[in-house]
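Encoded as structure tokens, the structure appears first; notes follow it.
The values are calculated or read from the model by the stated rules, or taken from the named source; none is laboratory data. Predicted model only: the values in this text are computed from it and were never measured. Note that we place each Cβ from the backbone using ideal geometry, even for glycine, and neighbour counts take in every protein chain shown. Ligands, DNA and RNA are stripped out before the accessible areas are found, and what is left, the full protein with its side chains, is counted by its heavy atoms. Shrake-Rupley method; radii C 1.70, N 1.55, O 1.52, S 1.80 Å.
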Amino acid sequence: MAATTMKASFPLLMLLGIAFLASFCVSSRSDQENPFIFESNQFQTLFENENGHIRLLQKFDQRSKIFENLQNYRLLEYKSKPHTIFLPQYTDADFILVVLSGKAILTVLKPNDRNSFNIERGDTIKLPVGTIAYLVNRDDDEDLRVLDLAIPVNRPGQLQSFLLSGNQNQQSILSGFSKNILEASFNTDYEEIEKILLEEHEKETQHRRSLRDKRQQSQEEAVIVKLSKGQIEELSKNAKSSSKKSVSSESKPFNLRSRKPIYSNKFGKFYEITPEENSQLQDLDIFVNSVEIKEGSLLLPHYNSRAIVIVTVKEGRGDFELVAQRNENQQGKRKEDDEEEKNEEDETNKQVQNYKAKLSPGDVFVIPASHPVAVKASSNLHLLGFGINAENNQRNFLAGKEDNVISQIQRPVKELTFPGSVQEIDKLLENQKQSYFANAQPQQREIGSPETENRLSSILNAF
Amino acid sequence: MAATTMKASFPLLMLLGIAFLASFCVSSRSDQENPFIFESNQFQTLFENENGHIRLLQKFDQRSKIFENLQNYRLLEYKSKPHTIFLPQYTDADFILVVLSGKAILTVLKPNDRNSFNIERGDTIKLPVGTIAYLVNRDDDEDLRVLDLAIPVNRPGQLQSFLLSGNQNQQSILSGFSKNILEASFNTDYEEIEKILLEEHEKETQHRRSLRDKRQQSQEEAVIVKLSKGQIEELSKNAKSSSKKSVSSESKPFNLRSRKPIYSNKFGKFYEITPEENSQLQDLDIFVNSVEIKEGSLLLPHYNSRAIVIVTVKEGRGDFELVAQRNENQQGKRKEDDEEEKNEEDETNKQVQNYKAKLSPGDVFVIPASHPVAVKASSNLHLLGFGINAENNQRNFLAGKEDNVISQIQRPVKELTFPGSVQEIDKLLENQKQSYFANAQPQQREIGSPETENRLSSILNAF
Amino acid sequence: MAATTMKASFPLLMLLGIAFLASFCVSSRSDQENPFIFESNQFQTLFENENGHIRLLQKFDQRSKIFENLQNYRLLEYKSKPHTIFLPQYTDADFILVVLSGKAILTVLKPNDRNSFNIERGDTIKLPVGTIAYLVNRDDDEDLRVLDLAIPVNRPGQLQSFLLSGNQNQQSILSGFSKNILEASFNTDYEEIEKILLEEHEKETQHRRSLRDKRQQSQEEAVIVKLSKGQIEELSKNAKSSSKKSVSSESKPFNLRSRKPIYSNKFGKFYEITPEENSQLQDLDIFVNSVEIKEGSLLLPHYNSRAIVIVTVKEGRGDFELVAQRNENQQGKRKEDDEEEKNEEDETNKQVQNYKAKLSPGDVFVIPASHPVAVKASSNLHLLGFGINAENNQRNFLAGKEDNVISQIQRPVKELTFPGSVQEIDKLLENQKQSYFANAQPQQREIGSPETENRLSSILNAF
């Protein structure tokens, strides 16, 4: 009897142990993290060899439930050495491709046509789902860096890529058909097809088995390969340049800097192309922007009314602050991870919370719609943003001279909204002469300025 | 040994006990309820003080899985006393705002502009996500009551509101930025900013801690505050009235009664504005309607082909009947709560079920698409409806003279569909001379009417 | 004490036993299946009597997580004997209805109008959600077979149908209203309404109870009933024919073969109507196609860039091959069934996998977007396809003369992509003279052809 009980209670202890570990993991995972920032180590390497790599950022909604509406958006980073090619392939996702740095030839295939484009920094193009393309780094010295926003069509947030070339890690899609079908399709004997279009199959499998623990080497063989100078010249021949004048071509690349910045002063520049302006961005309802903040400058506090913006740090360092709401009780954060409790979230007791992060090249941050944000540059800082739900988005500033919604509040309401008097409020709002971008370390205000006087008088009043 | 076993079995008993309680809760929660009606107590108070309140209806899909497609729609009710203002704020949701009663000034801010509107009963306006607005009850006597349909953009069914004014319950969004960022943004010392734009921070926190158990008092302080007569006059100055003629302005309020009713007779009136008619309603694909049923009258049985309608009782009392399908087996209702079993739902054995509810002011009911419904007024009954999936919706009546689909059935098919003869069916369908609305207690039909004769003959035939 | 422990451990053993069984079921369910094919037995019979049946295919996403984006699409098959009618009813789903075989009269009711259409093989029409319709098999000999794609509006993937006629299995929607409401609505005594419009209620319930175990018989009574020759003639009177010329009517049926095939040769024909061409298909973003592959022929390997295609085998037999990716590790397939692990799916190590299936009449297969597929006919094979996400879909062939994307690859890239030389590759691609459809068993290639020579030389080289 006691023995029987023993058998039962042993697995039970294990069961309870697992439950304990699980709950422990959940609470530590979300322990005081800033869910809005994704550091470089949150990219997963999909492919890497001596010629370059492809990396995929973790799923936004896997990081936090607050990104539930981003579940069908993925961010990819592609990098390759000079004189290399990313071989022909396609994906079951729509892509928006932006060149971060370097010079490339992008070739896009259609059933009865082919287009090659010379693209470089800031050039942007939509590759519709299923489009076969290949990408050459045509520069002699500079690495090519490309950022892709991918919107999968088959399963939310899941990408599949299909290669025409086979390699030891992933076979060509042609090798996915049976001998039978291939012989009839190409009206050719299988041995011939295998020799000319497919990798040698049998050998490869043996190969792979023996190489299973040496993945690094085997990966060197394909996907991104070297090109000779002659090959690059041949591929360059008919390549067109991106349209510098129009931002609204149906299928040509367009450049983010082809139009003048929407906000610009000596502290920074803000370029943006919206779905209203560009037909390629229209169905996907996405804007693309490029922001340059000068060292020691600040992108003033503002919010995007409707767009959720995914921002990548292209170059430079800085600081990012975001204002969000958080449930006041301690369990607030844990709740986010718990699907069951989602519906029962306490909606009455939310607190304003400051989320800060240091920014380094390669970092990604997400700004939910309507959430106030400010960015400070500690060195020249270049950001690239994709805005989801872009149509009719409005950017409202909370400081600065122009587009500042606070200054639109009527006088009697200002007084009720803020503790100061109308005169004090209006005077304070006028202190910032800049719009959009400003000095992040304003000079010491001169002795005797009205503010200092106020301060002095308030100190005096304290006695 | 026995002691070890004891340790194990004790938590086990607890575990089983919890499982038992959980299953008990599930079955009692769904115990013979009518899931289509939401009573006043299913609103949660988000804010309340002596000047008014804001209340949020529970999530539709939390109530029942049958409302899965309403997961991103929320209903809010706002009420305020005469001479008060709801201070500037915005939300991460698109809003459709309808005035149920009272007279207000609504001010909507844009980055470089401001619009104020005098609005009253029946006035409707879309506030796009992220729009800063404030709302004044300008009447001397009457409370202001506003109903909002909210469609959140960041997370399905979850709202966040952002206040410009700080109070002890929720801080101003400005206080969410660091001292550093605020000083640079406003080009002003922090003490100054704190004094003029923010609540006194340190003190407040202490304050809040000590007031944690006296929430009622602390909530009285802000969000909805009193206005002097002079302030109201100043705010009224440039306020425009809602457009009485056109229902299709891009951003001005429009009135539900600005056009003649789509159905009207001595028993009731039915006003409706559709997305085809009004550009503000177009992207959201929503119609808004207002229905008045006279005491003792009936809105005849009908269904909306495509729209799911969320109806609020504005005034009066009545009865609501809805026809839906239900699985015949006893476990049918419990299944609705069980995500796992959702996919295995038995689709072969569904029964027609009558769902009834008494209607009182403030109640909300949901009519799924294609579900037949009828509403009877025991006193003058005013309803306000928001229709989701409004475009191309068609309202088919099942009784009455006009728009009655049953009378469109061809003669040979009528006979096969119903037990009576074609003559009997046609005669019966002609008894109702009214369309859309009718008398809910029709007078006793006269002795010797054809129907009574038929009845007599059928009784005679039985012998 | 030991007795107490016993009580606890007994249910524990059961609990663990259930957990064990559950995990066993999961692994066996997905054991080496081809998730892309749905055989006839995966249809569930919703209704069946001597006059015909209605069958519903299992939910796509219930079969496999890979069909998550098809969760709101259902496939229905309807079959009836000559001289029968499917009585008036409507559903809470948009329908695309296609006649597979037979001749019918479809009558569609509107509140103030009625339209009857003579429809036959290949005729297609959209029935918007909530549309009351009835369907007559007007032929003297042939069964009527209709395929419907349904897109529900109330709950993802769940259909409800509403009958105007009552029967012992499902009551008329009219009987779902109370006596009270019915009397007022029809301005008639309830006994009269019951006798003429409803089944005799009390009796029926008793009846049903006693018949609960004899469902087959009770189902024979209604929904699909016999019609006399005279009744069919009367119903035929004002029936219009489907539009043979235009494929773009707002509400009339159109025929898939009314336009010339998009691909055609002696091995097969491919008809397709896209949302760009037909306004009925536009909001639903669906294409409909009809493919005829001659006995012994092959639809060449190709993929749909954007559309997910649901294909039904109308007639004939054949073989289907699809190329998809699969995680390399053994647990790959089990993962698909496990919601929790979905987000953690390993995206680095996917392998190309061949999925084969034998096709018989009534089978359904699903081709995800961008997945290569080929179909071989062992007898004349007729397929009917519904394409989801149809707008801007592009069909790229991987073999054949026309629309073959592989032949668009530039020469230097060809060499890097495939093991053969450019000359070998180009020669091989020219062997297939056909486009789209080809011979599935090409004749033995002549001795001395270039391919055979190559083969000989490679054999010789081996020595």
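Points worth noting:
- Listed by first and then second residue, the pairs linking a residue in the range A:388-408 that is closer than 13 Å to A:Pro372 by Cβ to a residue that is of a type in the set (D, E, K, R), with Cβ atoms under 6 Å apart and 6 or more places separating them unless they lie on different chains, are A:Phe397/A:Asp403.
- Of all residues in the range A:72-83 being open to solvent by less than 10 Å² (accessible area, probe 1.4 Å) and away from chain C (no Cβ under 11 Å), the one that is farthest from C:Glu415 (Cα to Cα): A:Leu75
- Residues satisfying the stated conditions in the range B:369-386, i.e. within 12 Å of another protein chain (Cβ to nearest Cβ) and assigned to a strand (DSSP E or B): B:Val373, B:Ala374, B:Val375, B:Lys376, B:Ala377
- Selection within the range A:134-157 - open to solvent by 10 Å² or more (accessible area, probe 1.4 Å), in a strand (DSSP E or B) and more than 14 Å from chain C (Cβ to nearest Cβ): A:Arg145, A:Asp148
- Top-ranked residue in the range B:389-430 [being over 24 Å from C:Leu127 (Cα atoms) and open to solvent by less than 30 Å² (accessible area, probe 1.4 Å); ranked as farthest from the other protein chains (Cβ to nearest Cβ)]: B:Val422
- Each residue in the range A:414-463 was checked for being hydrophobic (A, V, I, L, M, F, W, C), in a helix (DSSP H, G or I) and modelled with pLDDT of 90 or more, and 5 pass.
- Among the residues listed as A:Asp113, A:Asp123, the single one being assigned by TED's automatic domain parsing to the domain that holds A:Tyr78, modelled with pLDDT under 95 and acidic (Asp, Glu): A:Asp113
- Candidate set from the range C:97-116 (those that are surrounded by fewer than 20 Cβ atoms within 10 Å (Cβ to Cβ) and more than 13 Å from chain B (Cβ to nearest Cβ)); member that is farthest from C:Pro253 (Cα to Cα): C:Ser101
- Within the range A:84-93, being more than 7 Å from chain C (Cβ to nearest Cβ) and open to solvent by less than 10 Å² (accessible area, probe 1.4 Å) holds for A:Thr84, A:Ala93.
- Qualifying residue in the range C:399-413 (condition: within 19 Å of C:Ser297 (Cα to Cα), at pLDDT 95 or above and touching a helix residue (DSSP H, G or I) at 6+ places or on another chain (Cβ under 6 Å)): yes
- Selection within the range C:351-378 - surrounded by fewer than 20 Cβ atoms within 10 Å (Cβ to Cβ) and farther than 17 Å from C:Leu75 by Cβ: C:Gln351, C:Gln353, C:Asn354, C:Tyr355, C:Lys356, C:Lys358, C:Ser378
- Residue that is outside any strand (DSSP E or B) and β-branched (Val, Ile, Thr), where the choices are C:Thr124, C:Thr107, C:Thr131: C:Thr131
- When the range A:160-185 is limited to residues that are within 7 Å of chain C (Cβ to nearest Cβ) and within 25 Å of the chain's Cα centre (by Cα), the one that is farthest from C:Leu322 (Cα to Cα) turns out to be A:Gln160.
- Residue selected from the range C:308-335 under the condition at pLDDT 95 or above and open to solvent by 50 Å² or more (accessible area, probe 1.4 Å), by the criterion farthest from C:Tyr355 (Cα to Cα): C:Glu315
- Residue check for B:Glu192: at the interface with chain A (Cβ under 8 Å from one of its Cβ atoms) and surrounded by fewer than 22 Cβ atoms within 10 Å (Cβ to Cβ): no
- Number of residues in the range A:158-170 that are part of a strand (DSSP E or B) and open to solvent by 20 Å² or more (accessible area, probe 1.4 Å) equals 1.
- Scanning the range C:32-66 for residues that are within 16 Å of the chain's Cα centre (by Cα), basic (Lys, Arg) and outside any strand (DSSP E or B) returns C:Lys59, C:Arg63.
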